[in-house]
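Encoded as structure tokens, the structure appears first; notes follow it.
The values are calculated or read from the model by the stated rules, or taken from the named source; none is laboratory data. The structure presented is a predicted model; accordingly, all values stated were derived computationally and were not measured. Using ideal geometry, Cβ is built from the backbone for each residue, glycine included, and neighbour counts are taken over all protein chains shown. What goes into the accessible areas is simple: the full protein's heavy atoms, side chains included, and nothing from ligands, DNA or RNA. Shrake-Rupley method; radii C 1.70, N 1.55, O 1.52, S 1.80 Å.
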Amino acid sequence: MIEVKNLTKKYGNHVAVDNLSFKIEKGQIYGFLGPNGAGKSTTMNIITGYLASTDGSVTIDGISILSDPEKAKAKVGYLPEMPPLYSEMTVREYLDFVAELKKVNKSERKAKVKEVMEKTDILDMENRLIRNLSKGYRQRVGMAQAILGNPDVLIFDEPSVGLDPKQITEVRDLIKELGKDHTVILSSHILSEVSAVCDHILILSKGKLVADGSPEELKKMMGGSVEIEITLLGSSDSAADILKDISAEAEITDCGLDESGNRKITVSSAGGEDLREKVSLKLAENKIAVIGMERKEKSLEDIFLELTDNNETVKEDK
Ligand code: ADP
Ligand code: MG
């Protein structure tokens with residue numbers, strides 16, 4: 001559907017997008033995740049033909065955005081970070097205007113504008129001036145203009161920024177709904193948002209792609225390490241030694257005794273293998289009593305922080 005190859009964008013000496021390559025397949029919801037300044041907006045502006053790249057290529061359905069921009073652009077609906085909404089127009093006037101720009105057939109224009117207003121649930125607002133709309137409604141108008149012309153791909157840059165929690169939920173639901181009929185790419189610096197709606201996540205950091213996969217794959221890929229924390233009754237000195245050969249992938253760490261004098265051991269398996277059964281059977285065989293066992297999985301959040309070595313709070317940015 002979309003193929004980005006060796007994309008680079010420099011602003012003077014500053015490399016905003018650094019030799020980026022990836023593919024977007026039809027019919028999925030993709031998330032560009034990365035801290036501020038990672039290059040998300042720059043990449044989206046290039047894919048949509050609003051900004052020229054320094055190097056590299058972008059094709060949409062095999063059509064180059066560079067050599068055939070008109071045709072390529074027609075396949076994409078874009079909600080930029082700051083949508084150019086005309087504040088002195090009413091919602092309907094604005095969408096009529098966009099429909100004209102997008103060359104929607106005159107005879108169908110009225111029906112198409114109504115259709116996108118229905119989809120984004122803004123029919124009640126059609127005669128309001130855009131400047132009098134709340135941020136949440138403005139965002140919907142921005143999404144409505146992106147959907148006009150029924151493009152295959154929808155690209156939304158930080159669609160939830162500045163919205164209150166209720167509006168965020170509504171926009172998320174709307175994106176999921178749109179994902180049924182369109183390929184969607186959205187960007188966000190908030191992990192929870194991307195993991196809530198996207199089938200596939202591309203993590204950007206300093207203009208580079210640092211990870212790419214489904215939320216599940218990312219968890220696995222990133223060391224996928226699953227750790228179990230075991231508490232054994234009493235000193236159980238020999239436990240670490242007994243567990244040593246349990247699996248080639250396992251790493252056993254003896255953490256010593258806790259305040260009650262019970263031994264703590266952690267077993268981590270790099271491949272993500274669940275070793276709980278093996279561990280408990282082996283210990284039972286050796287008459288060591290297990291009084292606690294907890295499985296800890298690396299969260300996507302840990303992965304994101306590791307990859308972007310970013311210490312800002314990204315979990316709930318509100
Ligand atoms: P994101 O959307 O991930 O926050 P951007 O694509 O907006 O990131 O920016 C990537 C980098 O490029 C940042 O370091 C930003 O400061 C820089 N940048 C973006 N736009 C311009 C511009 N017009 N001129 C100079 N530098 C820019
Ligand atoms: Mg941005």
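Of a type in the set (Ser, Thr, Tyr), in a strand (DSSP E or B) and either farther than 21 Å from residue 151 by Cα or within 10 Å of ligand 1 (Cβ to nearest atom) (or both): does that describe residue 43?
Working: of a type in the set (Ser, Thr, Tyr): yes; in a strand (DSSP E or B): no; either farther than 21 Å from residue 151 by Cα or within 10 Å of ligand 1 (Cβ to nearest atom) (or both): yes.
So residue 43 does not fit the description; no.
Can you tell me which residue in region 232-264 is farthest from residue 281 (Cα to Cα), limited to those that are in a loop (DSSP other than H, G, I, E, B) and hydroxyl-bearing (Ser, Thr, Tyr)?
The residue in question is 260.
Can you tell me which residue among 103, 110, 114, 71 is in contact with a strand residue (DSSP E or B) (Cβ under 6 Å, 6 or more places away or on another chain) and more than 24 Å from residue 158 (Cα to Cα)?
71
Testing residue 78 on (1) more than 16 Å from ligand 1 (Cβ to nearest atom); (2) under 27 Å from residue 205 (Cβ atoms), one condition comes back false. Which one is that?
Answer for residue 78: the failing condition is (1).
Does residue 38 satisfy the condition of being within 16 Å of ligand 1 (Cβ to nearest atom), touching a strand residue (DSSP E or B) at 6+ places or on another chain (Cβ under 9 Å) and assigned to a loop (DSSP other than H, G, I, E, B)? Before the answer, list the steps.
Details: within 16 Å of ligand 1 (Cβ to nearest atom): yes; touching a strand residue (DSSP E or B) at 6+ places or on another chain (Cβ under 9 Å): yes; assigned to a loop (DSSP other than H, G, I, E, B): yes.
So residue 38 fits the description; yes.
Which residues, taken from region 116-125, are part of a helix (DSSP H, G or I) and either surrounded by fewer than 11 Cβ atoms within 10 Å (Cβ to Cβ) or touching a Leu at 6+ places or on another chain (Cβ under 9 Å) (or both)? Walk me through how you get there before you give the answer.
Filtering region 116-125 for residues part of a helix (DSSP H, G or I) gives 116-119, 123-125.
Passing the criteria: 116, 117, 119, 124, 125.
For region 8-43, what are the residues that are in contact (Cβ under 8 Å) with a residue 40 or more places away in the chain, of a type outside the set (S, T, N, Q) and exposed (fewer than 13 other Cβ atoms within 10 Å of the Cβ)?
25, 26
Among 205, 188, which is the only one that is buried (at least 23 other Cβ atoms within 10 Å of the Cβ), assigned by TED's automatic domain parsing to the domain that holds residue 116 and under 18 Å from the mean Cα position of the chain (by Cα)?
When all the criteria are applied, what remains is 188.
If you go through region 212-220 one residue at a time, do you hit one that is modelled with pLDDT of 85 or more, open to solvent by less than 50 Å² (accessible area, probe 1.4 Å) and either of a type in the set (Phe, Trp, Tyr) or more than 21 Å from residue 291 (Cβ to Cβ) (or both)?
Quick first cut of region 212-220, residues modelled with pLDDT of 85 or more only: 212-214.
Checking which are open to solvent by less than 50 Å² (accessible area, probe 1.4 Å) leaves us with 213-214.
Subset that is either of a type in the set (Phe, Trp, Tyr) or more than 21 Å from residue 291 (Cβ to Cβ) (or both): 213-214.
Checked region 212-220: at least one residue is modelled with pLDDT of 85 or more, open to solvent by less than 50 Å² (accessible area, probe 1.4 Å) and either of a type in the set (Phe, Trp, Tyr) or more than 21 Å from residue 291 (Cβ to Cβ) (or both).
Please specify each residue of region 202-222 satisfying the condition of being within 16 Å of ligand 1 (Cβ to nearest atom) and among the hydrophobic types (A, V, I, L, M, F, W, C).
Matches in region 202-222: 202, 203, 204, 209, 210, 211.
Check region 164-182 and report whether any residue there is part of a loop (DSSP other than H, G, I, E, B), modelled with pLDDT under 90 and either open to solvent by less than 10 Å² (accessible area, probe 1.4 Å) or more than 16 Å from ligand 2 (Cβ to nearest atom) (or both). Even if it seems obvious, please write down each step before you answer.
Of region 164-182, the ones part of a loop (DSSP other than H, G, I, E, B) are 164, 179-182.
In the following step, the residues that additionally are modelled with pLDDT under 90 were identified as 164.
Cutting the leftovers down to either open to solvent by less than 10 Å² (accessible area, probe 1.4 Å) or more than 16 Å from ligand 2 (Cβ to nearest atom) (or both) gives us 164.
Among the residues of region 164-182, at least one is part of a loop (DSSP other than H, G, I, E, B), modelled with pLDDT under 90 and either open to solvent by less than 10 Å² (accessible area, probe 1.4 Å) or more than 16 Å from ligand 2 (Cβ to nearest atom) (or both), which makes the answer yes.
Out of (1) within 16 Å of ligand 2 (Cβ to nearest atom); (2) surrounded by 17 or more Cβ atoms within 10 Å (Cβ to Cβ), the odd one out for residue 65 is which?
Only one criterion in (1) within 16 Å of ligand 2 (Cβ to nearest atom); (2) surrounded by 17 or more Cβ atoms within 10 Å (Cβ to Cβ) is unmet by residue 65, namely (1).
Say we look at region 71-85 and pick out the residues that are among the aliphatic types (A, V, I, L, M) and open to solvent by 30 Å² or more (accessible area, probe 1.4 Å); which of these is modelled with the highest pLDDT?
At the first step, the residues of region 71-85 found to be among the aliphatic types (A, V, I, L, M) are 72, 74, 76, 79, 82, 85.
Among the residues that remain, those that are also open to solvent by 30 Å² or more (accessible area, probe 1.4 Å) are: 74, 82, 85.
Numbers: 74: 91, 82: 86, 85: 83.
The qualifying residue modelled with the highest pLDDT is 74.
What are the pairs with Cβ atoms under 8 angstrom where one residue, in region 110-122, is assigned by TED's automatic domain parsing to the domain that holds residue 144 and the other, located anywhere, is β-branched (Val, Ile, Thr)? Sequence gap at least six, or different chains.
As it stands, the answer is 112/104; 116/147; 117/91; 119/147; 120/141; 120/147; 122/91; 122/141, since those pairs meet every condition given.
Residue 159 versus (1) part of a loop (DSSP other than H, G, I, E, B); (2) more than 16 Å from ligand 1 (Cβ to nearest atom); (3) modelled with pLDDT of 90 or more: which is the lone unmet condition?
Only one criterion is unmet by residue 159, namely (2).
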